[in-house]
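Below you'll find the structure, written out as structure tokens, and then a few comments.
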Amino acid sequence: MTLFEEVQHLTKALSGKWEPEERHYFRKGSLNFFVQDERHFERWHEDIVKGLEQEFLRFKNAVILWTMHPWERDAHLAKKAIKRGPQSYSLIVEIACTRSSEELLGVRRAYHSLFDHSIEEDAAHYIKGSEHKLLVALVSAYRYEGKRVKDDDAKSDAEALANAIKNADKKSLLEDDEVLKVLTTRSKPHLKKVCEQYNKISNKNLDEDLDAELRLKETVQCLCAPHKYFTKVLDAALKNEADKKVKKALTRIIITRTDIDIKQIRDEFQNQYGVALTKKIEETANGNYKDFLLTLVTKRN
């Protein structure tokens, strides 16, 4: 049993009912948790306290996100991403491109109610640089949700993208109006067909040819292969050396996708990395936080 599992077990058992002498015996018998100095003063190990604080914080944040209405949750996430700058712009792409048109409209309504601004207004104001046009257009989009796709139109768009990528040294893809029009207005079924046509034209996947433009690459993945995108982000968040910002994606993705496609994400993760997502969570997370994530990941869709 790990340290955090011991604390979890004790927390459930104690329920605040121990008397002072019982807590004293607990301190005496829990050398993993406490240290005694030269004055025989019992105190917590500082590193243990810091670790517990972080785990309890992650659990608290996960529960809060889980109980929010999805529109409110996405609105809060989008607000933070817009204000934090380029290192968080992936989250804006994720929300704008992996939600349905009605869900994104709901997020915009929630954003307006919560912050007395529109998400389009804040995106236009705070997002600077070359990614400005793309991100503002993505959060403003309302895509056709039907299944109807015209093959000739998809082929034409694929050819336009191939030509733009071929000439990217002459004109930035993020400044190319044709590229932005295709990626920010077309329906998801249409764009999947565009990716198929692009592969026939170039013998390469569209997202592979966009390696030089990370935000466009993420846009294509979120629109056309969201499970591939989510597993990539989860893998990065589950690495031991990941920083706190990257690790936060573990909570976000599991909570936002549990009621939608967590089974498909589990399957894709297994296919991509040869290990179960549940096993990686068991190896990385701790205590109540770990149990909470595993409960969500193993829910049936």
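So here's what we get for this one:
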| read-out | value |
| --- | --- |
| The range 148-164 residues that are among the aliphatic types (A, V, I, L, M), paired with ones that are surrounded by fewer than 16 Cβ atoms within 10 Å (Cβ to Cβ) (beta carbon under 7 Å, 6 or more apart) | Ala158/Ile201; Ala160/Glu178; Ala162/Ile201; Ala164/Glu178 |
| Number of the exception - Arg108 against (1) over 29 Å from Pro189 (Cβ atoms); (2) part of a helix (DSSP H, G or I) | (1) |
| Positions within the range 133-162 being part of a helix (DSSP H, G or I), under 21 Å from Ile92 (Cβ atoms) and either open to solvent by 20 Å² or more (accessible area, probe 1.4 Å) or of a type in the set (D, E, K, R) (or both), in sequence order | Lys133, Val136, Ala137, Ser140 |
| Test: residue in the range 166-180 that is among the hydrophobic types (A, V, I, L, M, F, W, C), at pLDDT below 95 and within 22 Å of Asn199 (Cβ to Cβ) | yes |
| Lone qualifier among Arg266, Arg300 - being at pLDDT 95 or above and of a type outside the set (Asp, Glu) | Arg266 |
| Lone qualifier among Asp235, Asp243 - being among the acidic types (Asp, Glu), open to solvent by less than 70 Å² (accessible area, probe 1.4 Å) and under 15 Å from the mean Cα position of the chain (by Cα) | Asp235 |
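The values are calculated or read from the model by the stated rules, or taken from the named source; none is laboratory data. Note that this is a predicted model, so its numbers are computed, not measured. Cβ atoms come from the backbone with ideal geometry, glycine included; neighbour counts cover every protein chain shown. Ligands, DNA and RNA are excluded from the accessible area calculation, which covers all protein heavy atoms including side chains. Shrake-Rupley method; radii C 1.70, N 1.55, O 1.52, S 1.80 Å.
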